[in-house]
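Note sheet for the following structure.
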Amino acid sequence: MTEIEIWTKWESQIVNGLFPLRRFLGRSNHSVVFLTDHKSQGLSKAAIKLIPADPAVAEAQLAQWKSIAALSHPHLIRTLDTGRCKLGGHPFLFIVMEFAEQTLAQILPHRALTADEARELLIPTLGALAYLHRKNLVHGQLKPTNFLVVNDQLKLASDTIRPAGHPPATSAKPSSYDPPEAKDGAIEAPGDVWGLGITLVEALQSPSGGRGEPSDTALAALPPAFVDAVRQSLSRNPSGRPTILDLEAQFGRVPQSPAPMTPQPAVVKAPTVLKAPTQTTPPQNSSPPRESSSKARMLVPAIAVGLIVLVAIWAVMRPFQQPNTQLAVPSSPQTSSQPAASQPAASPLAASRNSTSSVSAAGAVLHQEIPVVSRSARDSIHGQIKVAVLVTVDRSGNVVAETLENRGASKYFAHLATESAKKWRFAPANNQDPRQWLLQFEFTRAGAAGQAVLHSPR
């Protein structure tokens with residue numbers, strides 16, 4: 001009888017009368033995982049991990065798991081239940097967790113990640129690690145099997161989390177993901193950086209790439225944006241490694257000016273010359289007024305400009321004065337009465353149940369990409385999170401550059417908004433000059449919404 005056959009024989013058994021072992025999912029050298037459910041929380045799918053109950057460390061392991069259950073972060077797997085049980089006459093400890101559809105370890109045998117995909121993986125990972133390190137906790141086992149996907153959202157396995165400097169309660173064998181300074185599995189925050197560095201090398205290598213501490217040649221072959229960061233992360237001296245905050249500054253944060261200016265919407269034509277923004281503040285007009293202009297000649301244009309600004313402010317504020325809190329692109333009376341069938345179809349993502357949007361009645365916006373936010377992430381929102389992204393649009397209507405104007409209160413939602421902004425599409429322009437639009441996103445527990453406002457630099 002094979003090892004898998006031994007474990008699958010346990011399928012259909014029920015742990016403590018609560019958690020049926022529906023399907024064998026996999027095992028490590030010290031644990032086995034089954035698909036189960038959690039009826040008391042209304043979950044038809046959950047994962048239950050079983051480990052042999054070592055009398056010397058069993059109580060410490062249960063206490064550690066119970067403390068993990070109190071943690072709350074959108075990129076950490078939720079702990080649902082823990083306890084003791086017996087299967088086949090043998091004592092086990094169990095932990096019930098969110099069910100993950102996929103792991104990074106399942107992807108890497110088939111292909112390596114691209115540089116963009118690795119950055120997408122890094123941003124939520126760094127956020128979760130920063131949360132743990134602030135609490136003097138470590139993840140302890142950063143490796144591809146512990147990078148999970150739940151409802152299209154990356155999460156880290158949480159059953160290995162423990163206080164910094166404490167050894168794990170289980171007898172897991174050491175691996176290349178453990179830092180060289182680890183003793184009996186006890187690691188500090190720099191140890192997580194080491195494990196992340198090893199994982200990045202493995203993720204960015206070809207599927208045939210080997211595991212273990214990489215050579216200088218292997219490091220040099222990484223995408224240029226990762227070479228220095230990974231090399232420093234794999235310093236054998238813990239003090240020589242970057243902190244998670246250092247890595248966030250390099251990969252996860254968008255620089256902003258100390259006092260960003262609020263872009264002004266406009267209803268007039270875009271300026272004749274616009275360049276892709278290189279700073280987070282809107283570009284300023286550099287040409288001074290001509291001294292030869294007389295006050296009389298300036299008076300009429302000034303009045304006209306004032307009227308235009310008043311009209312623009314009225315057009316922008318009007319949607320927010322209506323009872324519906326949904327964000328919408330300002331529309332004109334002529335087209336707002338058109339039947340819904342004449343409007344461009346929303347994208348499949350925007351049509352998901354936890355996202356809402358409305359298309360431009362004037363036809364300026366051809367496609368809106370509204371962020372799809374998982375339920376666990378939405379549950380972490382208190383009130384509203386507003387994010388503004390300034391995009392530059394070329395003549396064909398494609399977004400060619402984006403700048404985060406207002407990141408709101410969360411790097412995670414700012415990243416979602418920025419990635420969605422790249423996929424917006426606008427109506428082609430008659431001239432060759434690029435245009436700028438301010439995309440305003442709002443995140444609440446009900447979902448996400450967005451609007452576009454034509455931007456003109458002051």
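No value in this document is a laboratory result; all are computed from the given coordinates. These figures come from a predicted structure and were not determined experimentally. Here the Cβ positions follow ideal geometry from the backbone for every residue, glycine too, while neighbour counts run over all protein chains shown.
Quick notes on this structure:
- Ignoring lysines fewer than eight residues from Lys423 along the same chain, the ones with Cα atoms less than 22 angstrom from its Cα are Lys275, Lys386, Lys411.
- Sorting 73-81, 398-406 by their mean Cβ neighbour count within 10 Å, with the most densely packed peptide first, gives 73-81, 398-406.
- Average Cα contact separation per residue, region 3-98, under 8 Å, 6 or more apart, as relative contact order %: 21
- Note on Ala220 and Thr114: the extension gain reaches 36.6 nm, defined as 0.36 nm multiplied by sequence separation minus the Cα-Cα distance.
- Separation of the Asn237 and Ser72 label points, Cα + 7 Å toward Cβ, nm: 4.2
- Net charge of Cβ neighbours under 11 Å - reference Ala186; Lys, Arg +1; Asp, Glu -1: -2
- Local net charge near Gly127, Cβ-Cβ under 9 Å (Lys/Arg +1, Asp/Glu -1): 0
- In terms of its C-alpha gyration tensor, region 3-98 comes out oblate, because a/c is 1.5 or above while a/b does not outweigh b/c.
- Sorted on the mean count of surrounding Cβ atoms within 10 Å across their residues, most packed first, peptides 63-72, 107-116 read 63-72, 107-116.
- Over 32 Å between alpha carbons, listed pairs Lys45/Lys135; Lys9/Lys135; Lys173/Lys422: Lys9/Lys135; Lys173/Lys422
- Efficiency of FRET from Cβ geometry, Ala409 and Leu35, R₀ 41 Å, rounded to 0.05: 0.65
- Sites Lys135 and Asp228 - FRET efficiency at Förster radius 22 Å, r taken between beta-carbons, to 0.05: 0.15
- For the pair Asp433 and His367, a Förster radius of 25 Å applied to the C-beta separation gives a FRET efficiency near 0.70, rounded to the nearest 0.05.
- Pairwise centroid distance, computed over Cα atoms, of region 40-59 with region 101-162, Å: 21
- Residue-wise HN-Hα coupling along region 83-96, computed from phi with Karplus coefficients 6.51, -1.76, 1.60 (Hz; x: Gly, Pro): x, 10, 7, 10, 9, x, x, 10, x, 9, 9, 9, 9, 9
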